[in-house]
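The values are calculated or read from the model by the stated rules, or taken from the named source; none is laboratory data. Keep in mind that what you see is a predicted model, and the values were worked out from it rather than measured. Neighbour counts run over all protein chains shown; Cβ positions are idealised from the backbone, glycine included. Note: areas computed on protein heavy atoms with side chains; ligands, DNA, RNA excluded. Shrake-Rupley method; radii C 1.70, N 1.55, O 1.52, S 1.80 Å.
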Protein chains: 2
Amino acid sequence: MSIEQYMQELGRNARAAARQVAASSTAARNNALLAVRDALDGDRAALADANAGDLARGREQGLDAALLDRLELTPARIDAMLEGLRQVAGLPDPVGSISEVNTMPSGIRVGQMRVPLGVVGIIYESRPNVTVEAASLCLKAGNATILRGGSESLASNQAIASCLGAGLAAAGLPATAVQVVATADRAAVGQLITMPEYVDVIVPRGGKGLIERISREARVPVIKHLDGVCHVYIDAGADHQMALDIALNAKTHRCGTCNTMETLLVAAAEAEALLPALAQAYAAAGVELRGCERSLALLPEITPATEQDWYEEYLAPVLALRVVADLDAAIDHISCYGSHHTDSIVTRDHGRAMRFLREVDSSSVMVNASTRFADGFEYGLGAEIGISTDKLHARGPVGLEGLTSRKYVVFGEGQVRR
Amino acid sequence: MSIEQYMQELGRNARAAARQVAASSTAARNNALLAVRDALDGDRAALADANAGDLARGREQGLDAALLDRLELTPARIDAMLEGLRQVAGLPDPVGSISEVNTMPSGIRVGQMRVPLGVVGIIYESRPNVTVEAASLCLKAGNATILRGGSESLASNQAIASCLGAGLAAAGLPATAVQVVATADRAAVGQLITMPEYVDVIVPRGGKGLIERISREARVPVIKHLDGVCHVYIDAGADHQMALDIALNAKTHRCGTCNTMETLLVAAAEAEALLPALAQAYAAAGVELRGCERSLALLPEITPATEQDWYEEYLAPVLALRVVADLDAAIDHISCYGSHHTDSIVTRDHGRAMRFLREVDSSSVMVNASTRFADGFEYGLGAEIGISTDKLHARGPVGLEGLTSRKYVVFGEGQVRR
């Protein structure tokens, strides 16, 4: 069987399973999640064996230490997967709710019902625990899923796949409701993203290169997450302690996440009072500053920023720093250089807070909070499959609701159109 | 200037204007709509001249009568455009509303704000009144718009464009908030759909060929409307008079619309009692029936249906007719042959009604109502820019809300992430 035929078979299976999953009860889907949990718990030895094989092959192929670390399924990571399944089973079912039904002049009553998307394709890199996380969210939202993990985690993913199949079958759902691609052939990705007849949406999880390639080549809609060039703007008159706390937390709580601040904008009115204290705090935290001309005048010891720095998602202990005239200049900077991910203003002024919320065109806009809060758990979504920087459909952290759609439902009593 | 440079200039203008429109007040946008109305009313003579030129060129080029009819801007059609502007100005502003704000364990309060999409590209065929309809909805929803009409209506569209610009300027909005492409060069379309840096979404309005080509080539998300292969299923035990009324209305109220029924499914239990009466009613209405084997046994005079008939969007007084065993068989048929547009069940049974609503995967699903109700006005959206058969973002009739997005807004009091 060619790779094309193989992927089309997965697609046909998924399309057929999607109808059954969509029609399944909440209880059946929750039971399946808990049965998958039990299957994984019972198969720890097999999981460890498969993972050890992937790790050994990875070391032979010279994978770097960071990749090998992400690949490893430690007992603690397996515990976390099991706990995740229990939590997802406990979340409210997003499917089937009908929003406010209104009666129209014709007498028909019109509402919108939340329904599964259908078939979701997930393409991700080395972490095998994503297999369980992504599959569980998609299943809870009533979808069938095709997962394509990294080739370096193939054996681990296959071991997980057999637990997924066992759990689904135990709950009376088709085992094909979650399918894990069983080949390392890269052509599988190309095929998965060009089967609109079988796949309704692709969620890529991985580096910018992967996501850009998928977006370019896909014939299926993609819920994508590109860079997070996030800003904090410290407004004129802001509380200095709050500004310092938020600016430090947004950069240093974790360096490598997409909601980490990459550029700090400071209103000129506060620069003289704030920059020395900021520089001291960042130096103590090991953060390198790259400043605009006006900040260099106050902090001659820091590196000058180049135009490229304003575009940079460092994902590292480096911060671009710019003194701006006022709110308008801050919004101009964010509009020009930002990536529409997450931006925050620290201010005491209500009018400027509301202007920032309205005029900054990002998936999350914040007042007096750290950008690090842009996260499905922190937003109360229960879990997230990623953070979307798209404008259509799901924007910002994508939870169960982002894995569903809505359709119009019409209740009539025999009405015809006049 | 090359066509590529010209389109990029329109894109840059639109991107800049979009920020101003998004930040504009409801009053400014409504004033602009009413000022456009006044400008069109004052320029009727110029509109008529331009349109007469288009019509003369169209006749020279041998356009068919239907196209020439759609191209004509009669005084009544101009009146309808003016009335449409007045109505859109009267609709509630969808922008800026913040949905239920919840407090999280961290203390931050999280909500979602409805915001414009940004820049909308509209690609359409001959009807010049679409220029005003589409521009007015996009503007009301806070977007900048680039419109690319058919080459046969170029002069009419340019005359309308000058009224749009005058109205925008009169209300203090940038004239570039609505730009009409001023060239018949087809390369303009290819450029418009591949500028994701300047265009956020494309809404094509036209035939299936146009929409398929745009979907295939676009690098920008497309809100698209493909075929409407709509079904009515008459369930076992349905009220016969209601079934006859709905089946007749769904086919004959208008033949050429996307929400017209193309295939009628009848439960075997009702076939004998219903088919003769249905056949008589359709014959009286001039509708040709194409039947399955079981229907031919009852109606030997009708044409046998081929497999292809079940896929067909006739847009004509032709109806495919199939007798099915029961609800499951009806849902199977719709899943296999339908186009996910609009499907209706006529039934007295509550359980089967709810199963049909849940299990039929279409943008509109109905109980005891004619498919012809799938329409933005009938659903209370005030107006529609089209009917989406996509699953992501807007699905079904697309009104002002479909021309907006939502972003997360976070209200903090200095919270940082622990």
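Here is how the numbers come out for the structure above:
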| read-out | value |
| --- | --- |
| Rg followed by Dmax, in Å, when chain A is reduced to its Cα trace | 24.2, 78 |
| Dipole of segment B:23-73, positive direction: furthest Cα of B:Gly62, B:Asn30, B:Leu40, with charges on the beta-carbon | B:Asn30 |
| Number of partner chain Cβ atoms within 10 Å, mean per residue of B:375-388 | 2 |
| Pairwise centroid distance, computed over Cα atoms, of segment A:123-166 with segment B:250-319, Å | 46 |
| Helix runs (DSSP H) in chain B reaching 27 Å along axis by Cα, Kyte-Doolittle at least -1.0 | B:3-23 |
| Calculated from backbone phi, Karplus (6.51, -1.76, 1.60) coupling profile of segment A:286-295 in Hz, x at Gly/Pro | x, 9, 7, 9, 10, x, 6, 4, 5, 6 |
| For segment B:327-418, with +1 on Lys and Arg beta carbons and -1 on Asp and Glu, the positive-most of B:Val410, B:Asn368, B:Ser339 along the dipole | B:Val410 |
| Whole-Å semi-axes of the ellipsoid equivalent to segment A:230-373 (Cα gyration tensor, √5λ, descending) | 20, 17, 15 |
| Reduction of at least 50 Å² in accessible surface, 1.4 Å probe, comparing all protein chains with the chain by itself, residues of segment B:327-371 | B:Leu357, B:Arg358 |
| Violating pairs (Cα-Cα greater than 21 angstrom) within the set A:Lys224/B:Lys208; B:Lys224/B:Lys251; A:Lys140/B:Lys391; B:Lys208/B:Lys391 | A:Lys224/B:Lys208; B:Lys224/B:Lys251 |
| For A:86-93, mean number of other protein chain Cβ atoms within 10 Å | 0 |
| Positive dipole terminus of the protein assembly as shown, leading residue within B:Val201, B:His240, A:Gly286 (C-beta point charges) | B:His240 |
| Considering only segment A:1-154, percent of DSSP beta bridges that pair antiparallel, nearest 5 | 45 |
| Whole-Hz ³J(HN,Hα) from phi, Karplus 6.51 cos²θ - 1.76 cosθ + 1.60, for segment A:99-106, glycine and proline x | 7, 1, 8, 10, 8, 8, x, 6 |
| Relative packing of B:267-277, A:143-153, A:406-416, which averages over residues the other C-beta atoms within 10 Å, highest first | A:143-153, A:406-416, B:267-277 |
| Label point 7 Å beyond Cα along the C-beta direction, distances from A:Ala184 to other copies (nm, shortest first) | 5.9 |
| Helix-only [θ]222 nm of the protein assembly as shown, DSSP H runs n ≥ 4, -39500 (n - 2.57) each, per residue, nearest 500 | -13500 deg cm²/dmol |
| Convex hull volume per residue for segment A:1-73, taking Cα atoms only, in Å³ | 149 |
| Prolate/oblate/rounded label for the protein assembly as shown (Cα gyration tensor, a/c 1.5) | oblate |
| Probe 1.4 Å, accessible area per residue of chain A, Å² | 37 |
| DSSP beta bridges in the protein assembly as shown [antiparallel fraction, %, rounded to 5] | 25 |
| Inter-part distance where segment A:379-418 and segment A:39-72 are each reduced to a Cα centre, Å | 37 |
| Shielding score for A:111-117, defined as the mean number of other chain Cβ atoms within 10 Å | 3 |
| Beta bridges by DSSP in chain A, antiparallel share as percent, to the nearest 5 | 30 |
| Chain B, relative contact order in percent, only Cα pairs under 8 angstrom and at least six apart counted | 18 |
| Whether segment A:344-399 is rounded, prolate or oblate, judged on the alpha carbon gyration tensor where a/c under 1.5 counts as rounded | oblate |
| Percent RCO, i.e. relative contact order, over segment A:230-373, from Cα pairs under 8 Å lying at least 6 residues apart | 34 |
| Cβ-placed point charges (K, R +1; D, E -1), dipole of segment B:126-265 about Cα centre in debye, nearest 20 | 360 |
